[in-house]
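Shown next, in structure tokens, is the structure this report addresses.
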Amino acid sequence: MGVVVVSGGTNGMGRAFALGRAERGDRVLVLGRNRERGEAMAGGLIAFLPVDLSSMAETRQAIEHILGEHQVVDALALFANAVAPRRIVTGEGLERTFALYYVSRYLLSFGLRPALDRAAAPVIVNVAGVGVTKGGVRWADPQMTAGWSAVAAQLQAGRANDLLGVGFARRSGSRARYVLYHPGFTRSGDRSALPFVVRGLLAVAAAVAARSVADAVAPIHRFLDAPPTTPVTAVDRGKPLPLDFPTLDPHDAERLMDLTERLLR
């Protein structure tokens, strides 16, 4: 029995993964904003911690709670994301997609390091879009004050997560293996914020071409059951990627770590 922390675990792939780990006998802590869904999951081996992961303050409080409750965390699985219908700025001044999809994952990865490093074979799985080359970090304007779109915001945060895996391995000193995993188009996620027409088109596309949640989640269980031996692993829809892949550039990773540290100050 291990302890597994799942961010964004009340919906879609995160929910399916959390339930699957509990079925395997792990103690699972689900982090999410939807109290109704989270409390409906809680019980037995699953606990729910309500937290708005787009808030740096709430995410840090969640980290302190986890470290206080668990000396050892065996695995951290990062799913939290949501497509925004418009540019939203958090109370802490961050563009919300960047805050939720990237900054929360940075904070959880580095913040839970003490508990992860006490595990026998710790692993972090960051479920994002590695393997996609479109988009990039807007170094001069990461909050996207100009030229914001939902797609551009998602792509920026996705590329930031690619670099987070590399940056964590280089900067953290942790024993945890970092896995960047792109499941591909999956019948998962909350699309309620999108326009009705867009939701309909995505539903049709998903029915025709998307993977099932079970198929998308299966490799993540394998990453936990048999963690990789290398510090960073990148897998795009079942295909391992070389670490010299363009979006995994170590120079850019160092640059992003510096940028993130400045934002967090």
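Name the one entry in ALA57, ALA80, ALA128, ALA42 that is touching a Phe, Trp or Tyr at 6+ places or on another chain (Cβ under 8 Å), aliphatic (A, V, I, L, M) and either modelled with pLDDT under 95 or surrounded by fewer than 18 Cβ atoms within 10 Å (Cβ to Cβ) (or both).
On the way: ALA57 fails: touching a Phe, Trp or Tyr at 6+ places or on another chain (Cβ under 8 Å); ALA80 fails: either modelled with pLDDT under 95 or surrounded by fewer than 18 Cβ atoms within 10 Å (Cβ to Cβ) (or both); ALA128 fails: either modelled with pLDDT under 95 or surrounded by fewer than 18 Cβ atoms within 10 Å (Cβ to Cβ) (or both).
So the residue among ALA57, ALA80, ALA128, ALA42 that is touching a Phe, Trp or Tyr at 6+ places or on another chain (Cβ under 8 Å), aliphatic (A, V, I, L, M) and either modelled with pLDDT under 95 or surrounded by fewer than 18 Cβ atoms within 10 Å (Cβ to Cβ) (or both) is ALA42.
Taking the range 168-197, which residues are out of contact with any strand residue (DSSP E or B) (no Cβ under 6 Å at 6 or more places or on another chain) and at pLDDT 95 or above?
ARG170, ARG171, SER172, GLY173, SER174, ARG175, PRO183
Yes or no: the range 198-221 includes at least one residue that is at negative phi, at pLDDT below 55 and in contact with a Ser or Thr (Cβ under 7 Å, 6 or more places away or on another chain). I'd like the intermediate steps shown before the answer.
As a first pass, look at the range 198-221 and keep what is at negative phi: 198-221.
Checking which are at pLDDT below 55 leaves us with 198-209.
In the following step, the residues that additionally are in contact with a Ser or Thr (Cβ under 7 Å, 6 or more places away or on another chain) were identified as none.
No, because not a single residue in the range 198-221 is at negative phi, at pLDDT below 55 and in contact with a Ser or Thr (Cβ under 7 Å, 6 or more places away or on another chain).
Can you pull out every residue in the range 234-265 that is within 24 Å of SER54 (Cα to Cα) and not in a helix (DSSP H, G or I)?
Result: ARG265, single match.
Restricting attention to the range 99-122, and to residues there that are touching a strand residue (DSSP E or B) at 6+ places or on another chain (Cβ under 9 Å) and assigned to a loop (DSSP other than H, G, I, E, B), which single residue is farthest from HIS221 (Cα to Cα)?
LEU112
Note down all Cβ pairs under 7 Å where the first residue falls in the range 125-146 and is within 17 Å of ARG86 (Cα to Cα), the second is assigned to a loop (DSSP other than H, G, I, E, B) and of a type outside the set (S, T, N, Q), and they're at least six residues apart or on different chains.
Sorted first by the residue in the range 125-146, then by its partner, the pairs are GLN143/LEU94; MET144/ARG87; MET144/ARG138.
Quick one: how many residues across the range 167-181 are part of a loop (DSSP other than H, G, I, E, B) and either in contact with a Cys (Cβ under 6 Å, 6 or more places away or on another chain) or surrounded by fewer than 18 Cβ atoms within 10 Å (Cβ to Cβ) (or both)?
Filtering the range 167-181 down to residues part of a loop (DSSP other than H, G, I, E, B) leaves 172-176.
Next, from what is left, pick out any that are either in contact with a Cys (Cβ under 6 Å, 6 or more places away or on another chain) or surrounded by fewer than 18 Cβ atoms within 10 Å (Cβ to Cβ) (or both): 173, 175.
Final tally of qualifying residues: 2.
Tell me the residue from ALA157, ALA153 that is crowded, with 21+ Cβ neighbours inside 10 Å, within 19 Å of the chain's Cα centre (by Cα) and within 21 Å of LEU31 (Cα to Cα), please. I'd like the intermediate steps shown before the answer.
Working: ALA153 fails: within 21 Å of LEU31 (Cα to Cα).
Unique residue meeting the criteria: ALA157.
Residues are listed down the side, and each one gets a yes or a no for (1) more than 20 Å from ALA216 (Cα to Cα); (2) touching a residue at least 12 places away in the same chain (Cβ under 8 Å); (3) touching a Gly at 6+ places or on another chain (Cβ under 8 Å); (4) among the hydroxyl-bearing types (Ser, Thr, Tyr):
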{"residue": "GLY2", "(1), (2), (3), (4)": "yes, yes, no, no"}
{"residue": "VAL6", "(1), (2), (3), (4)": "no, yes, yes, no"}
{"residue": "LEU29", "(1), (2), (3), (4)": "yes, yes, no, no"}
{"residue": "GLU36", "(1), (2), (3), (4)": "yes, no, no, no"}
{"residue": "SER55", "(1), (2), (3), (4)": "yes, yes, yes, yes"}
{"residue": "GLU58", "(1), (2), (3), (4)": "yes, no, no, no"}
{"residue": "ALA75", "(1), (2), (3), (4)": "no, yes, yes, no"}
{"residue": "ASN81", "(1), (2), (3), (4)": "no, yes, yes, no"}
{"residue": "ALA84", "(1), (2), (3), (4)": "yes, yes, no, no"}
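Only one residue in ARG105, ARG118 is among the basic types (Lys, Arg) and crowded, with 22+ Cβ neighbours inside 10 Å. Which one?
ARG105
The values are calculated or read from the model by the stated rules, or taken from the named source; none is laboratory data. Just so we're clear, the structure is a prediction, and the values are computed from it rather than from any experiment. Glycine also receives a Cβ, built like all others from the backbone with ideal geometry; neighbour counts cover every protein chain displayed.
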